[in-house]
Amino acid sequence: MSTRQDTTASQPVGSREDLVAWIASGSKPREAWRIGTEHEKFLFHVESLKPVPYAGPRGVRALMQGLIDRFGWLPIREGDTIIALKQPDGEPGGTVSLEPGGQFELSGDPLSSVHEVGAETEAHLDQCRAAGAPLGIGFLGVGFSPSSTLAETPRMPKQRYQVMTRYMPTVGTRGLDMMYRTCTIQVNLDFGDEPDMVKKFRVSLALQPIATAIFACSPFTEGKPNGFLSLRSEVWRHTDAQRTGMLPFVFEPGMSFERYADYALDVPMYFVYRDGRYIDVAGASFSDFLGGRLPQLPGERPTLDDWSDHLTTLFPEVRMKRFLEMRGADGGRWRRICAVPAFWTGLLYDQIALDAAWDLVRDWSAEERQHLRDNVPKTGLRTPFRRGSALDVARAAFAIARAGLSRRRLLDVQGRDETRFLEPVETILHEGSPAEEMLARYAREWGGSTAPLFTEFAF
């Protein structure tokens, strides 16, 4: 989740049209399209396999200080508390932030190719390992905490998470599990104009359950199989229905920037950030805020920063801010961190591929899309679909994505194009998802223990 910093006050919002224009301003010419990748990992103490608390000589705070001291990261604070890290102005590397349960996230820079994503990710992981080793901290790439209970999971001292922790149990049964026990890989991609946004939104939303099935990597809870391949995805099905899901309106006639803004206006708020603190307005309407009717801030109207904050608290399978965010994949190791942006870049950044992907999904009904979303967490690529299965759709989407990357013809120094980052997907389509591999090894060589995960799926 994003980390707010005190900066110069942004422009006040005068009308609903200002909110629509802010989203639409993300439109870019093709040559300016970029790939932004966000990936989370669980922290654990290598000798005990227990999660890492914030404080203490071997805590998350000490890990961040190690990154500051060794690699020149700058702290982002709430009061005296370091809650995130950033690079000095003009330096590459993105932002490091803390998720509610101590999940360590890199929000990468907007980059031109998947090659650059791979290099950025590798550099980040190298730094994490170097800073973590003296503290006995390891990094795990899966989608759901495999052994710790919710009660055992530490809570990070970020104000916005306190607001969400109070509110989540009032609107769903698994919101706290989502916050504290899940990890994901997300990809942010650009659009050229409104028609381009609509087609990309529809394609990526329809195929998001297919990505979930491919990258499913969360079959364990508290040391035992949980009955799902992607429990992370299942948890989202029970987390605040007003701000999650498959957004059927995206496929209706008239989909536009304006229509998405109207949806966002209807989703209840969490907070308003003022003077370094988060004011709890959970359940309030942004429309009321726009009209100066928030009880907590009587007469005050929002700024564009408030609108940006609010959009980050919406969690549909694909989220729009001034770009589109793919949200379906479980956390994973380096090869899958790179494979997720490769998959979506191949589908959405080549026009022939985008048209082919739209042809693949354009006649799916809302009920069919929801069927995939509801069933993929448990049955993955084996989920029945029409006369075949999700695996058939995944194979077709993979072929489209690979052809799209090939046509981009972006080569690394060794002359390889971006299709090399799809190799993990090709393996999964032949051998099964990471979750299925885990379950097979749990039953055989792991002897019914999840402890080997912390070695074999660590970074």
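Just so you know, all these numbers are worked out from the coordinates, no wet-lab data involved. On a predicted model such as this, the values are computed, not experimentally measured, just so you know. Note that each Cβ is placed from the backbone with ideal geometry, even for glycine, and that neighbours are counted across all protein chains shown.
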Hey, rough spin-label estimate for E368 and R30, points 7 angstrom out along Cα→Cβ, what's it come to in nanometres?
2.9 nm
Net dipole in debye of the stretch 135-200 [+1 Lys, Arg Cβ; -1 Asp, Glu Cβ; about Cα centre; nearest 20]:
380 debye
Quick one: length gained pulling Q414 to E152 fully straight, 0.36 nm per residue minus the C-alpha distance?
89.7 nm
Once amide H atoms are placed 1.01 Å from N in the peptide plane, what residues at a sequence separation of 5 or more from E222, or on another chain, have their amide H within under 5 Å of its amide H?
S147, S148
Search the structure for amide H atoms under 5 Å from the amide H of S10, placed 1.01 Å from N in the peptide plane, and list their residues when 5 or more places away or on another chain.
D305
Residues T170, T121, T427 in order from fewest to most other beta-carbon atoms within 10 Å are T170, T427, T121
Between T312 and D392, what is the FRET efficiency for a Förster distance of 22 Å, r being their Cβ-Cβ separation, to the nearest 0.05?
0.05
Whole-number D in µm²/s for the stretch 220-265 (Stokes-Einstein; Kirkwood sum over Cα pairs; 37 °C, 0.692 mPa s):
251 µm²/s
Which of the following values of Cα Rg over 2.2 N^0.38 Å was calculated from the structure shown: (i) 0.93; (ii) 1.25; (iii) 1.30?
(i)
Net lengthening on full extension, E456/A440 (0.36 nm per residue, minus Cα-Cα)
4.4 nm
GluC sites (Glu not before Pro) within the stretch 35-102: which are DSSP loop residues with at most 11 other Cβ atoms inside 10 Å?
E47
Once you have a ≥ b ≥ c as the square roots of the Cα gyration tensor eigenvalues for the stretch 332-459, tell me rounded if a/c is under 1.5, and otherwise prolate or oblate according to whether a/b is larger than b/c.
oblate
Using 1/(1 + (r/R0)^6) with R0 = 45 angstrom and r between the beta carbons of A9 and A241, what's the FRET efficiency to the nearest 0.05?
0.85
H430-D193 pseudo-label distance in nm [points 7 Å out on the Cα-to-Cβ vector]:
4.3 nm
Please give the charge dipole size of the stretch 16-456, origin at the Cα centre, charges +1 on K and R Cβ atoms and -1 on D and E Cβ atoms. Round to the nearest 20 debye.
740 debye
Taking the Cα centroid of the stretch 24-101 and of the stretch 332-355, what is the distance between the two, rounded to the nearest whole Å?
24 Å
With each run of n ≥ 4 DSSP H residues scored as -39500 (n - 2.57), what mean residue ellipticity at 222 nm is computed for the chain after dividing by its residue count and rounding to the nearest 500 deg cm²/dmol?
-12500 deg cm²/dmol
Between T165 and K50, what is the label-to-label distance in nm when each label sits 7 Å out along the Cα-to-Cβ direction?
1.8 nm
Cross-link list K50/K378; K86/K321; K224/K321; K158/K321; K199/K224; K41/K199: which exceed 29 angstrom alpha carbon to alpha carbon?
K224/K321; K199/K224; K41/K199
Taking 0.36 nm per residue of separation and subtracting the Cα-Cα distance, what length does fully extending T173 through R293 add?
40.2 nm
How high is the FRET efficiency from E423 to S449, r the C-beta distance, R0 35 Å, rounded to 0.05?
0.75
For the stretch 199-327, shape from the Cα gyration tensor axes a ≥ b ≥ c, cut at a/c of 1.5 then a/b versus b/c, turns out oblate
